[in-house]
Amino acid sequence: MKRKVQYLERDIEKLEKQIAECQNKMIDPDFYKDPSSNEILVLHSNLKSELNKKIDEWEQLVLELDEIE
């Protein structure tokens, strides 16, 4: 279970970096003029959803580990 927590932490960190990359693109004033902006917006939304799922899973595992220890 501890290994699963470590994998989730790694995944969460990776997703946070990808979300930050999207957000950096989105703050550009010309972002919405770019035809690919919609793809980035969808990607951003999907990444945030995935991040929330991973965080929920991580929280549940941490609680279970705390109960065991």
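The values are calculated or read from the model by the stated rules, or taken from the named source; none is laboratory data. Being a predicted model, the structure only gives us computed values, none of them experimental. Note: ideal-geometry Cβ built from the backbone for every residue, glycine included; neighbour counts use all protein chains shown. Only protein heavy atoms, including side chains, enter the accessible area calculation; ligands, DNA and RNA are left aside. Shrake-Rupley method; radii C 1.70, N 1.55, O 1.52, S 1.80 Å.
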- request: Can you work out which of the residues in the stretch 11-60 that are assigned to a helix (DSSP H, G or I) and hydroxyl-bearing (S, T, Y) is nearest to M1 (Cα to Cα)?
  value: S49
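From I27, I12, grab the single residue that is surrounded by 15 or more Cβ atoms within 10 Å (Cβ to Cβ) and out of contact with any Asp or Glu (no Cβ under 8 Å at 6 or more places or on another chain).
Values: I27 fails: surrounded by 15 or more Cβ atoms within 10 Å (Cβ to Cβ).
Unique residue meeting the criteria: I12.
Would you check if L65 is in contact (Cβ under 8 Å) with a residue 24 or more places away in the chain and surrounded by 15 or more Cβ atoms within 10 Å (Cβ to Cβ)?
For L65, the condition - in contact (Cβ under 8 Å) with a residue 24 or more places away in the chain and surrounded by 15 or more Cβ atoms within 10 Å (Cβ to Cβ) - is not met.
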statement: Considering the stretch 31-44, residues that are open to solvent by less than 90 Å² (accessible area, probe 1.4 Å), of a type outside the set (A, V, I, L, M) and modelled with pLDDT of 95 or more, and then whichever is nearest to L65 (Cα to Cα), we arrive at H44
task: Go through L47, L51 for me and flag whichever is in contact with an Asp or Glu (Cβ under 8 Å, 6 or more places away or on another chain) and modelled with pLDDT of 95 or more.
output: L51
task: Considering only the stretch 1-30, state which residues are free of Cβ contacts under 8 Å to residues at least 12 places away in the same chain and more than 30 Å from E69 (Cα to Cα).
output: K17, A20, E21, N24, I27, D28, P29, D30
